[in-house]
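Taking it in order: structure first as structure tokens, then the write-up.
The values are calculated or read from the model by the stated rules, or taken from the named source; none is laboratory data. What you see is a predicted model; the values in this text were computed from it and never measured. A quick note on method: Cβ atoms are made from the backbone with ideal geometry, for glycine too, and the neighbour counts reach across all protein chains shown.
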Amino acid sequence: MAASRLLLPLLLAGLTTAPAQTLPPLIVPKTPAVNASPDALFAGTVPKLELTISPENLTKLTQNPRDYVTLTIKEPGGVTLEKCSVKLKGSAGSFRQITDDRPGFSLRTGKAKKGQEYRGLSKFQLNNCAQDGTMLLEMVAGEMARRSGVPASRCTHAYVVLNGKPLGTYVLKEGFNKEFLGVFFKDPKGHLYDGGFCNEIDGPIEVDQGDPDEKVRLTELIGATKEPSPALRLQRMDRILDIDAYFRHLALEQILCHWDGYSFNRNNYRFYEDPAAGKFHFILHGMDQVFGDDRWYVFRRPGALVPNALLGERVMRDRYRTQFFAVYEKNFRSVDWPKRILELAANAKARLAPFDAEEAKRFDQRGKDAAERVKHRLAAVRAQLDDAAQLRSLGGKAGLAKYAWERNAEEKFAFEQDMDGRNCFYVMAGPKKGGDYRLQFATGPGRYRLTAMVKTAGAVAGKEENERGLRLRISGLGGVAALAGTNGWRQTSVEFSVTDADPVLVLEFRAEAGEAWFDRNSLTLTRIN
């Protein structure tokens with residue numbers, strides 16, 4: 001039987017102690033009682049939006065792009081909304097000035113004229129897709145999230161014209177406000193925080209909703225993440241954070257390889273204090289660069305306060321993996337997401353054709369590109385999980401070439417290169433006497449062997465014990481004797497035992513001088529006991 005068919009029973013038996021959780025179904029937005037619902041807009045509608053900004057306000061946006069100015073929004077054949085508000089959006093990779101070809105917009109319809117809405121929305125964004133040439137990734141990633149019970153905005157496409165000049169296709173994305181929160185939470189009136197650009201929850205975050213001077217619960221969350229006692233820390237975290245909901249959020253970040261989200265880059269996220277439950281929830285955002293790295297490891301070590309406060313303890317790692325596999329089995333392994341992407345692209349093509357026939361045709365290739373990108377990533381996830389299943393059994397092996405190893409050295413002294421027909425990790429001693437590549441790998445308790453084909457040239461051992469040349473090692477557990485001098489290709493390995501923490505595998509070269517190569521395709525982890 002294929003390893004993938006054994007994933008859930010094997011992995012849950014070997015890695016988890018918490019009971020499997022029942023996931024909520026795909027979240028269907030509730031219809032507001034008074035105003036028109038945006039449901040129809042996000043069911044495939046692609047509107048044409050004509051934005052009119054006065055010369056005076058264009059100048060203001062040029063000078064202060066983050067300050068709101070007024071504009072008129074018109075949908076031909078539909079509504080015309082006066083006295084709406086607009087500012088420019090985007091950060092390092094996507095921001096464009098109003099004088100550029102395709103600026104991104106944040107719009108509010110009721111900021112100056114209370115109660116005014118566009119198709120049930122009082123706040124939405126027009127994303128310029130500067131970092132997503134397919135214009136489909138955030139849309140499908142949001143569907144994946146909501147199907148998994150993780151809050152994320154709905155999206156559609158829109159054809160945008162600014163002061164009579166066609167700007168082309170944008171992604172129209174609902175904003176974060178009470179309308180959005182009401183879809184996911186019983187009480188949408190709690191504190192909503194915006195992490196801003198690469199800020200941690202204890203940093204200079206913004207308050208999107210709620211009293212900015214009322215920070216009791218936020219202070220409690222921050223304090224819980226920094227509690228030194230592991231047992232007390234987990235108790236405090238459980239009181240203030242919906243842990244299983246956060247773990248589903250993390251699972252989506254991992255599967256999507258959303259490196260620019262909260263758990264890894266501390267960017268592109270909101271978090272909400274739910275008054276009804278008294279707990280915080282994290283919201284996915286900024287998913288225009290997802291599915292970009294097939295080697296992204298689905299159990300990669302996060303770098304933010306909240307996951308680091310939780311995942312240091314095996315009981316929490318087990319609990320996370322329970323959530324991960326439940327999300328994966330229900331919402332990814334059995335769903336044809338590439339097919340869904342092609343459906344979205346076909347819809348965009350058909351709806352855009354009356355506005356711009358040439359632009360509409362581009363969605364043929366955009367759909368193919370996005371579908372292939374998602375197909376490759378999900379195939380890589382399946383392969384990684386097959387490895388995990390194999391390592392549950394004695395003699396099981398995992399090839400480690402398919403994983404993203406973290407480089408700990410200056411780029412000009414450590415990089416990937418071909419040597420003797422092999423794809424290799426290369427390290428030169430350089431001024432800092434070398435470096436290493438690392439992979440924290442999730443395993444169950446047991447004994448393992450890490451094996452690699454390696455080569456050195458002119459390796460001159462240093463005076464310090466850790467500067468003896470090339471070696472394989474496990475962080476904190478030592479390693480094999482180092483290779484110095486010049487050595488042709490040879491196999492080397494290190495054996496180690498795992499009892500609690502996931503091991504960090506290290507490919508290391510540290511010396512006074514010389515070079516070293518590690519054959520990526522030879523990297524193998526074997527369960528030996």
Exercise. Is one or more of the residues making up the stretch 485-493 surrounded by 13 or more Cβ atoms within 10 Å (Cβ to Cβ) and charged (D, E, K, R)?
Worked result: no
Problem set entry | Pairs, first basic (Lys, Arg) in the stretch 239-252, second in a helix (DSSP H, G or I) and buried (at least 24 other Cβ atoms within 10 Å of the Cβ), C-beta under 8 Å, six or more apart | ARG248/GLN323; ARG248/VAL327
Problem set entry | Unmet criterion (only one of (1) surrounded by 14 or more Cβ atoms within 10 Å (Cβ to Cβ); (2) more than 24 Å from ALA353 (Cα to Cα)) for THR62 | (1)
For this session: Report yes if LYS173 is in the same structural domain as VAL140 (by TED's automatic domain parsing), at pLDDT 95 or above and either assigned to a helix (DSSP H, G or I) or not β-branched (Val, Ile, Thr) (or both), otherwise no.
Result: yes
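Take LYS397 and decide whether it is over 30 Å from CYS129 (Cβ atoms) and at pLDDT below 95. Can you show your working first?
Working: over 30 Å from CYS129 (Cβ atoms): yes; at pLDDT below 95: no.
In short, no.
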For this session: Could you check, for the stretch 452-470, whether at least one of its residues is at pLDDT 95 or above and within 18 Å of SER497 (Cβ to Cβ)?
Result: no
Seminar exercise, completed: Flagged pairs (Cβ under 6 angstrom, 6 or more apart or on separate chains; first in the stretch 342-354, within 15 Å of CYS155 (Cα to Cα); second part of a helix (DSSP H, G or I) and among the basic types (Lys, Arg)) are ALA345/ARG366
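Rundown of residues vs (1) β-branched (Val, Ile, Thr); (2) in a helix (DSSP H, G or I); (3) at pLDDT 95 or above, yes/no style:
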{"residue": "VAL183", "(1), (2), (3)": "yes, yes, no"}
{"residue": "LYS189", "(1), (2), (3)": "no, no, yes"}
{"residue": "PHE197", "(1), (2), (3)": "no, no, no"}
{"residue": "LEU221", "(1), (2), (3)": "no, yes, yes"}
{"residue": "ARG233", "(1), (2), (3)": "no, yes, yes"}
For this session: Go through the stretch 49-87 and count every residue that is over 18 Å from ALA158 (Cα atoms), among the basic types (Lys, Arg) and in contact with an Asp or Glu (Cβ under 9 Å, 6 or more places away or on another chain).
Result: 1
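Of the residues GLY133, GLY104, GLY142, GLY120, which single one is of a type in the set (Gly, Ala, Ser) and either outside the structural domain of LEU61 (by TED's automatic domain parsing) or in contact with a Pro (Cβ under 9 Å, 6 or more places away or on another chain) (or both)? Walk me through how you get there before you give the answer.
On the way: GLY133 fails: either outside the structural domain of LEU61 (by TED's automatic domain parsing) or in contact with a Pro (Cβ under 9 Å, 6 or more places away or on another chain) (or both); GLY104 fails: either outside the structural domain of LEU61 (by TED's automatic domain parsing) or in contact with a Pro (Cβ under 9 Å, 6 or more places away or on another chain) (or both); GLY142 fails: either outside the structural domain of LEU61 (by TED's automatic domain parsing) or in contact with a Pro (Cβ under 9 Å, 6 or more places away or on another chain) (or both).
Residue meeting the stated conditions: GLY120.
Residues in the stretch 268-285 that are assigned to a loop (DSSP other than H, G, I, E, B) and buried (at least 20 other Cβ atoms within 10 Å of the Cβ): how many? Reasoning before the result, please.
Pass one, the stretch 268-285, residues assigned to a loop (DSSP other than H, G, I, E, B): 268, 275-278, 285.
Retained after the next criterion (residues that are buried (at least 20 other Cβ atoms within 10 Å of the Cβ)): 268, 285.
Qualifying residue count for the region: 2.
For residues that are outside any loop (DSSP other than H, G, I, E, B) and without any contact (Cβ under 8 Å) to a residue 60 or more places away in the chain, scanning just the stretch 430-463, find the one that is surrounded by the most Cβ atoms within 10 Å (Cβ to Cβ).
Within the stretch 430-463, the subset outside any loop (DSSP other than H, G, I, E, B) is 434-440, 446-460.
When the remaining residues are screened for being without any contact (Cβ under 8 Å) to a residue 60 or more places away in the chain, the result is 457-460.
Numbers: ALA457: 15, GLY458: 13, ALA459: 24, VAL460: 14.
Applying the filter and picking the extreme gives ALA459.
Each row is one residue, and each column tells you yes or no for (1) crowded, with 17+ Cβ neighbours inside 10 Å; (2) farther than 24 Å from GLN440 by Cβ; (3) in contact with a Lys or Arg (Cβ under 6 Å, 6 or more places away or on another chain).
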| site | (1), (2), (3) |
| --- | --- |
| ARG301 | yes, no, no |
| VAL306 | yes, no, no |
| ALA326 | yes, no, no |
| VAL335 | no, yes, no |
| LYS339 | no, yes, no |
| ASN347 | yes, yes, no |
For this session: Quick one: VAL46 ticks every box in (1) of a type in the set (Val, Ile, Thr); (2) surrounded by fewer than 19 Cβ atoms within 10 Å (Cβ to Cβ); (3) in contact (Cβ under 8 Å) with a residue 24 or more places away in the chain; (4) within 21 Å of GLY168 (Cα to Cα) except a single one, so which number is it?
Result: (2)
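Check every one of the helices (runs of 4 or more DSSP H) wholly within the stretch 304-410 and list those with 3 or more residues that are out of contact with any Cys (no Cβ under 6 Å at 6 or more places or on another chain), small (Gly, Ala, Ser) and outside the structural domain of GLU495 (by TED's automatic domain parsing). Give the steps one after another, and end with the answer.
Numbers: elements: 305-311, 314-331, 337-352, 357-390.
Passing ranges, in order: 337-352, 357-390.
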Exercise. Among the residues of the stretch 88-103, is any in contact (Cβ under 8 Å) with a residue 60 or more places away in the chain, under 16 Å from HIS157 (Cβ atoms) and either crowded, with 20+ Cβ neighbours inside 10 Å or in contact with a Cys (Cβ under 7 Å, 6 or more places away or on another chain) (or both)?
Worked result: no
For this session: Could you tell me whether any residue of the stretch 67-87 is assigned to a loop (DSSP other than H, G, I, E, B), surrounded by fewer than 22 Cβ atoms within 10 Å (Cβ to Cβ), among the hydroxyl-bearing types (Ser, Thr, Tyr) and modelled with pLDDT under 95?
Result: no
Problem set entry | Tally of residues being touching a strand residue (DSSP E or B) at 6+ places or on another chain (Cβ under 9 Å) and not small (Gly, Ala, Ser) across the stretch 318-365 | 10
For this session: Considering every residue within the stretch 146-164, establish whether at least one is without any contact (Cβ under 8 Å) to a residue 60 or more places away in the chain and crowded, with 19+ Cβ neighbours inside 10 Å.
Result: no
Exercise. Here is a list of conditions, (1) out of contact with any strand residue (DSSP E or B) (no Cβ under 6 Å at 6 or more places or on another chain); (2) in a strand (DSSP E or B), and ASP500 meets all of them except one; can you say which number that is?
Worked result: (2)
